[in-house]
């Protein structure tokens with residue numbers, strides 16, 4: 001791929017890397033030590049398995065050259081113990097062995113080895129294998145640094161989004177209430193048809209913006225780990241009725257008829273975060289309004305079985321093609337243009353999924369292009 005770099009393109013400075021040489025034969029240690037120092041690598045040595053584990057833990061070498069045949073603890077045993085240690089499990093190991101049986105080589109890889117060199121070793125070969133492993137180490141460290149930088153950037157972005165959403169939410173909320181009051185108090189005859197239609201449209205836009213800011217604030221708090229699930233016992237049916245009543249005015253402004261159909265006999269007692277469930281229902285209704293045509297209908301249907309209460313928000317709007325429905329089911333976020341050319345952020349549906357999951361429920365979708373969509377979610381009922 002043009003512009004892409006493989007690990008072999010990574011430049012390494014030998015003096016930045018430290019190699020632990022482990023061998024019970026002093027001549028082998030001196031030979032390898034001389035080779036490594038000539039190449040400018042830092043060197044640590046150990047003459048047995050116990051010393052190797054201690055030095056690997058204390059000195060944190062970048063690479064280990066490990067003899068296999070040693071008295072007491074074998075190289076394979078040493079490697080197994082190093083791979084179990086939190087501080088040493090990522091250190092690459094090159095086995096230095098006189099064993100040539102393929103079974104022994106396979107055993108070395110099974111014990112966590114990254115490569116091997118046969119005795120008597122060739123200087124050019126061992127230096128190439130060392131450089132190969134250190135290039136991998138360097139590449140991994142670059143990726144980790146870049147990942148840390150990315151995570152910090154994402155955290156800073158979410159902090160900024162949270163501040164913006166919080167600071168804008170209050171003045172936009174005041175504007176929204178003022179517009180609601182004007183639309184509720186003024187008659188079309190008082191201001192004229194065009195002005196009244198503009199006022200209604202502005203009020204609807206304010207509702208959409210307020211919902212977007214509210215979603216953004218909750219989404220950033222969720223990402224930052226600041227949004228806690230505060231569960232309480234309440235009647236699901238009563239909660240739904242309140243949300244639907246509050247959303248009726250918005251539906252009417254969009255020339256859409258909305259109904260609530262509750263088939264639950266008596267209370268539907270749940271133990272959940274009521275604010276999160278209200279957010280789910282509001283977002284699903286807003287979504288249904290967005291994708292409904294003038295004179296369309298939205299039905300909020302509530303039912304229950306022995307285990308859970310189920311809410312369906314069903315519209316007679318534009319619906320989704322099989323391809324878009326599949327994308328919607330599988331994507332973390334999904335945006336599509338509404339019937340009035342509204343643009344979405346995708347945050348609403350993402351929040352709904354997260355909040356349903358955080359309250360122990362499930363969410364699913366059915367849709368048919370040209371006929372409408374149904375968004376469902378379930379919340380466990382409390383045992384009676």
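Coordinate-derived values only; no laboratory data. These numbers were taken from a predicted model, which means no experiment stands behind them. With ideal geometry, Cβ positions are generated from the backbone for all residues, glycine too; neighbour counts draw on all protein chains shown.
In terms of other Cβ atoms within 10 Å, 111, 132, 233 run from fewest to most in the order 233, 132, 111. Between residue 143 and residue 59, the modelled label-to-label distance comes to 2.8 nm, taking each label 7 Å out from Cα in the direction of the beta carbon. Calculated [222 nm] ellipticity per residue, helices only, for the chain: -17500 deg cm²/dmol; basis is -39500 (n - 2.57) per DSSP H run with n ≥ 4, divided by all residues, nearest 500. The slack between residue 224 and residue 362, meaning 0.36 nm per residue of separation minus the straight C-alpha distance, is 47.3 nm. When the alpha carbon gyration tensor of region 230-384 is reduced to an equivalent ellipsoid, the three semi-axes, largest first, read 25, 17, 13 Å. Under a GNM of the chain (C-alpha, springs under 10 Å), which listed residue has the highest mean-square fluctuation: 353, 38, 140? Maximum fluctuation in the GNM of the chain, among the listed residues, is at 38.
Angle of helix 347-358 to the longest C-alpha principal axis of the chain, folded into 0 to 90 degrees and rounded to 10: 70°. Among 268, 60, 138, the largest mean-square fluctuation in a Gaussian network model of the chain, built with springs joining Cα atoms closer than 10 Å, belongs to 60. Among 62, 235, sorting on how many other beta-carbon atoms sit within 10 Å of each Cβ, with the fewest leading, yields 235, 62. Computed extension length for residue 201-residue 24: 55.4 nm, one decimal, from 0.36 nm per residue of separation with the Cα-Cα distance subtracted.
Need the full-extension length gain, residue 294 to residue 232, defined as separation in residues times 0.36 nm minus the C-alpha distance. One decimal, nm. Before the final figure, lay out the partial values.
On the way: separation 62, 0.36 × 62 = 22.32 nm, distance 3.83 nm.
Roughly 18.5 nm would be gained on extension.
With the simple model of a label 7 Å out from the Cα in the direction of the Cβ, residue 327 to residue 103 spans 5.7 nm.
Kindly provide log₁₀ I(q)/I(0) values, in the same order as q = 0.07, 0.09, 0.14 Å⁻¹, from the Debye equation applied to equal alpha-carbon scatterers of the chain. For the chain at q = 0.07, 0.09, 0.14 Å⁻¹, log10 I(q)/I(0) is -0.57, -0.72, -1.09. Between the Cα long axis of helix 75-84 and the first principal axis of the chain there is an angle of about 20°, rounded to the nearest 10.
Beyond 22 Å, how much of the Cα-Cα pair distribution for region 109-221 remains, as a whole percent? The calculated P(r) of region 109-221 puts 64 percent of pairs beyond 22 Å. Return one number: the angle in degrees, 0 to 90 and rounded to the nearest 10, between the long axis of the Cα atoms of helix 26-38 and the longest principal axis of the Cα atoms of the chain. Its long axis makes an angle of about 60 degrees. How many percent of all Cα-Cα pairs in region 12-121 sit more than 25 Å apart? Here the tail beyond 25 Å accounts for 13 percent of pairs. The modelled label-to-label distance between residue 181 and residue 157, using points 7 Å beyond Cα along the C-beta direction, is 3.9 nm.
Listing 352, 311, 185 from fewest to most neighbouring C-beta atoms within 10 Å gives 185, 352, 311. With both residues required to sit in the chain, DSSP beta bridges show an antiparallel share near 55%.
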